[in-house]
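Here's the structure we're looking at; comments come further down.
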Amino acid sequence: MSASVVLVHGAWHGAWCFDRVLPLLSARGIDAIAVDLPGHGDDRGPTTDLHGDAARVSDAVDRVRGAVVLLGHSYGGAVITEAGVHPSVRHLAYLAAFPVDRDESCVDAAAGEPGTERIDHTGRPNLAHAFVHHDDGTTTLTREGARACLYNDCDDDTFAWAADRLDPQPMENLGQSPRRIAWRDRPSTYVICADDDAVHPDLQRILARRCGNVREWPTGHSPFASRPALVADLLVELALAP
């Protein structure tokens, strides 16, 4: 019996970002849901910290029957690192994401790993330059920054579809460490996005060492929008694996 798929979005996004992936999974007989983290997407309640986000994902997995493939995109990788210890989770998939360790966060991920100090950011956009900081501790992104960093390989219509839905993101979450580390004892796959201008591909390659399997795609940071079939193909493969 195939596993179900649970999809977890990254910072500023919502479950909507997987709208192009879900029908492709359904067409191939894979049950899948995308989760809105608190305060994002269609959830108009308050936001929470990293641990509250992980609790939301754990609750979603509770409602799924049988085994689960759990995918996290970007910041969502930190979320599934904590939530992925759920007994139903069979495989973790990190999409340009942060399989952070204990006492490590998205902000300082892999800071002590060999090679991190040699990553060359010359000539690449800097996502931090797109931040618009707000008094409540959240950030939004400038439209130009979101285009350059998150959706650099997407057409204009795709970017407009996404940009109009981006939510404020609590910055506290990006500096928090998970309480549990699922990738240490669960099978995992890391997808490196080689043309990513949000999370440097060389940092992704370092983080990918923590996972059992590694793929590399010629995409920007958001292949769920630019190349949804790639994402769906991977998830079908993982869901059908014994």
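Quick rundown of the values:
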read-out: Relative contact order (%) - criterion: Cα under 8 Å, at least six apart; region: the chain; value: 25
read-out: Semi-axis lengths, Å, segment 73-176, gyration tensor of Cα atoms, sqrt of 5 times eigenvalues; value: 25, 19, 16
read-out: Kirkwood hydrodynamic radius of segment 1-160, from inverse mean 1/r over distinct Cα pairs, in Å; value: 17.0
read-out: Ratio of Rg to Rh over segment 95-242 (Cα coordinates, Kirkwood Rh, two decimals); value: 0.96
read-out: Taking only Cα atoms of segment 58-107, radius of gyration then Dmax in Å; value: 10.8, 34
read-out: More than 20 angstrom apart: percent of Cα pairs within segment 8-92; value: 28
read-out: Peptide ranges 4-17, 123-136 listed from the most packed, as the mean C-beta count within 10 angstrom indicates; value: 4-17, 123-136
read-out: Backbone HN-Hα couplings from phi across segment 6-16 [Karplus 6.51/-1.76/1.60, Hz, Gly and Pro as x]; value: 10, 10, 10, 7, x, 4, 6, 9, x, 4, 3
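FYI, it's all coordinate maths here, none of it is from the lab. Please read these numbers as outputs of a predicted model, since none were measured by experiment. Don't worry about glycine lacking a Cβ; one is built from the backbone with ideal geometry, like all the others, and counts go over all protein chains shown.
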